């Protein structure tokens, strides 16, 4: 780096509470960060965006003490600092909200928020104070959770709010937020944004990363765009449109995000569900899925979409009638569903879909060991399955032995899709298909779903992203409070019609519900 460039960086980071200067990072012979310089200022939201694998996570981990840089320096209040571990960074006021939940499932909400930072009265834990502060934090986030509730029993969005509450409890000077809204509804996102504005007013410096570029445009004071481990563009609020951000991320023009919808051909139903109830959550759901169709399920969080799908594939106890190809089927287990040609890609791929401590081959094989009648024990068959997965779904990994936990979110999701497709199903249910996936990989994933339908598979897509449901699905079923409020098709697949059904303002039974 030239002396002039170094001086320019020093000038740019003057007054910053936290800064990276010329940071590099290598893993063995592979360099993943190249000369990264970012400065975070009090009362400012600084967005960091890029495709999966661009280097965002590595950058954030260096800022928060989870990784050390291979070159360059980290500065706190203008002075070089070395964080030996993340706890050191937290002690200096730098807190990271992880994209993947960093929660102890068997502990309570209250215990998770204060884990390692317990409040004491004398030598005893002050449970009353911790419970009161937990209630206050959850109240700020408009999340009516019992502080004593076990984390394993709460929903994915509620877990995200607990992570945010935990970070707020640390009273950080620098708050690094990694995909904080990936699991949140629009209403919950608005609540979070109000808290971010409050933190800005208190002088907190915020680094915010999200694949939802409309959020970035709305909330960020500055935007840094990464590609292939380098910063390729920095812009201030209003300088770049969402489309320009997306194109800068992927290095090419992005058009036609969604494949063209195909005209309805009046195909026969492949799946018929009637009077289907799942515990106390889903009541008397009735709908049909046609051959080669992409059927969307929309609704607010808590409307019962995921529970309905889990009931269909035998993950929850359920009652009601199910027929596949006109033949009544009893789907009492995942194995029974798979044998009938029905597979499920779950909402939380890391908790319920993949084994992060195993390699790609083992993940594919373990599905076979658990769920297939024919076990893949032939090494050539295992290699062929992995070859097919990598080739058909463009899985990009540094080598075939890499642990799945070290793959990007997009490649993990591709692997999970490849994994369930090994069963050669008729019906594919995909819950939140692009959660935590960058814009370029989203476009690719939509293409995969379209190709499945083109090949004659019938697909159900459950999504909280309105644009995704509208852009991808041929028909949309809308749920509200555990019941089917109605369905929309054709030109009625639009935001207004879906929202009105989800909010209970309209009801279009169309023979269902």
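Of the residues in region 317-328, not one is surrounded by fewer than 20 Cβ atoms within 10 Å (Cβ to Cβ) and modelled with pLDDT under 90.
Okay, residues lined up against (1) within 24 Å of the chain's Cα centre (by Cα); (2) within 22 Å of residue 473 (Cβ to Cβ):
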| residue | (1), (2) |
| --- | --- |
| 176 | yes, no |
| 188 | yes, no |
| 198 | no, no |
| 211 | yes, yes |
| 223 | yes, no |
| 243 | yes, no |
| 250 | yes, no |
| 258 | yes, yes |
| 274 | no, yes |
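Say whether the condition of being at pLDDT below 65 and in contact with a helix residue (DSSP H, G or I) (Cβ under 9 Å, 6 or more places away or on another chain) is met by at least one residue in region 351-366. The answer is no, given that none of the residues of region 351-366 is at pLDDT below 65 and in contact with a helix residue (DSSP H, G or I) (Cβ under 9 Å, 6 or more places away or on another chain).
The values are calculated or read from the model by the stated rules, or taken from the named source; none is laboratory data. The structure presented is a predicted model; accordingly, all values stated were derived computationally and were not measured. Heads up, the Cβs are rebuilt from the backbone with ideal geometry, glycines too, and the neighbour counts pull from every protein chain shown.
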